[in-house]
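The values are calculated or read from the model by the stated rules, or taken from the named source; none is laboratory data. All values reported here derive from a predicted model rather than from experimental measurement. For neighbour counting, all protein chains shown are included, and Cβ atoms are generated from backbone atoms with ideal geometry for every residue, glycine included. What goes into the accessible areas is simple: the full protein's heavy atoms, side chains included, and nothing from ligands, DNA or RNA. Shrake-Rupley method; radii C 1.70, N 1.55, O 1.52, S 1.80 Å.
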Amino acid sequence: MNTTSAVLAGALTFLWLGMVLAISFLEAPLKFRAPGVTVPIGLGIGRLVFRALNAVETVLAVVVIVAVAVGGAPVAVVGPTAAVAVLLLAQLAVVRPVLNRRSDRVLAGEDLPRSHSHLWYVALELLKALALTALGVALLTT
């Protein structure tokens, strides 16, 4: 893989990983423990934060995919790149719409039980973090 593409993709991959870890596994659970933060307020904040994160992730994914594609990447890089892209797509196209409909209902005042879709999002987020780690390591070793 050419050096410029590997360095660009590697830097963006680790930036992306840091954002996912900080927001999904630190900020998201902690916001509900802050004094005065109700479920509706937490959901409103979460929707804004995750909409912004997902927009940045989409841009990062496109740039990483392009860098990998034009850089002559080996299979050890292409595989994790595809995995990360598929996991992000699953979150955005399958799980997020379900979560958005549910949060709309909660914000409208409905009292709903805990969401299983949220667990799917968390599972995909964990897998994405692992795939980003694998991709970053693969890019460092090419």
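Here the calculated FRET efficiency for VAL98 and ALA34, from their Cβ-Cβ distance with R0 = 25 Å, stands at 0.45, rounded to the nearest 0.05.
By the Cα gyration tensor, the range 1-78 has an equivalent ellipsoid whose semi-axes, rounded to whole angstrom, run 34, 11, 8 from largest to smallest.
For LEU130 and ASN54, the difference between the fully extended length at 0.36 nm per residue and the C-alpha to C-alpha distance is 25.6 nm. Once the Cα atoms are used to define both axes, helix 3-22 deviates from the longest principal axis of the chain by about 20 degrees. Here, the range 46-106 yields an orientationally averaged convex hull projection of 4.3 nm² when only Cα atoms define the hull. For helix 96-107, report the angle its Cα long axis makes with the longest principal axis of the Cα atoms of the chain; keep it between 0 and 90° and round to the nearest 10°. With rounding to tens, the tilt is 20 degrees.
Would you mind telling me the share, in percent, of accessible area of the chain contributed by carbon and sulfur at probe 1.4 angstrom? Ligands and nucleic acids excluded, carbon and sulfur give 75 percent. Across all directions, the average flat footprint of the convex hull enclosing the Cα atoms of the range 1-44 is 3.7 nm². Considered as an equivalent ellipsoid built on the Cα gyration tensor, the chain has semi-axes of 33, 14, 11 Å, the largest given first. With everything on Cα atoms, drop me the angle between helix 75-90 and the longest principal axis of the chain, reported from 0 to 90° to the nearest 10. With both axes taken from Cα atoms, the answer is about 20 degrees. Given a Förster distance of 30 angstrom, what is the FRET efficiency for LEU119 paired with ALA82, based on the Cβ-Cβ distance and rounded to 0.05? For LEU119 and ALA82, the calculated efficiency is 0.80.
Of the trypsin sites (Lys or Arg not before Pro) found in the range 74-142, the ones in coil according to DSSP and having at most 10 other Cβ atoms within 10 Å of their Cβ are ARG114.
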